[in-house]
Amino acid sequence: MASILLLTASPRPGSFSTQIAAELAERLRATDPAKALVHRDLAANPLPHMDSGFAAGIHKPTEALSRVGKTFRFTANGPEGLGRGKKAYIVLASRGIYSEDPAGLSIMPRPI
C-alpha cells in the first residue's frame, strides 16, 4: 500500500512551514484516501545521537549493512537505490527579503 511520509523538524509551535507541509500532505492524501499518512515530528522526537553500535556498524562489509532490500538492492552493476518512481516534495519557509543580500548573491535578477 502506498503511503505519505510527512517529516517535520521545526521547533517553533505554529511553524508556517509545518502548516504548509501538513496541508500539502492532506491534499495529497485526498487524491487517494487509501494512502496512509505517517507523520514524524523530528523536533518533538529527534533522531538519537550516533552511538558505539552505529560507529561499529558503519565499518561492516556493505553486504552486512541493515538497509539492504529496504532503501537499496545489489545488482550486477552494483548497488541500486529503491527510491525510483517516488515523488518527494520539500516545503521550506524562511523569513527575510532575499532580493538584495549583502553578499551580492541575490536569487532575484537585479536591473542593470
Legend entry - Scan of segment 68-89 for residues that are open to solvent by 80 Å² or more (accessible area, probe 1.4 Å) and either of a type in the set (D, E, K, R) or part of a strand (DSSP E or B) (or both), ordered by number: Lys70, Arg73, Phe74, Pro79, Arg84, Lys86, Lys87
Inset, instruction - For segment 20-67, enumerate the residues that are modelled with pLDDT under 90, part of a helix (DSSP H, G or I) and either touching a helix residue (DSSP H, G or I) at 6+ places or on another chain (Cβ under 8 Å) or open to solvent by less than 90 Å² (accessible area, probe 1.4 Å) (or both). - result: Gly53, Ala55, Ala56, Gly57, Thr62, Ala64
Legend entry - Residue satisfying all of: in segment 10-19; modelled with pLDDT under 90 and over 14 Å from Leu92 (Cβ atoms); least open to solvent (accessible area, probe 1.4 Å) among these: Gly14
Legend entry - Residue among Thr71, Thr18 that is closer than 16 Å to Ala2 by Cα and under 15 Å from the mean Cα position of the chain (by Cα): Thr71
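The values are calculated or read from the model by the stated rules, or taken from the named source; none is laboratory data. Computed from a predicted model, the values in this text were never measured in an experiment. Note that we place each Cβ from the backbone using ideal geometry, even for glycine, and neighbour counts take in every protein chain shown. For accessibility, only protein heavy atoms count, side chains too; no ligands or nucleic acids. Shrake-Rupley method; radii C 1.70, N 1.55, O 1.52, S 1.80 Å.
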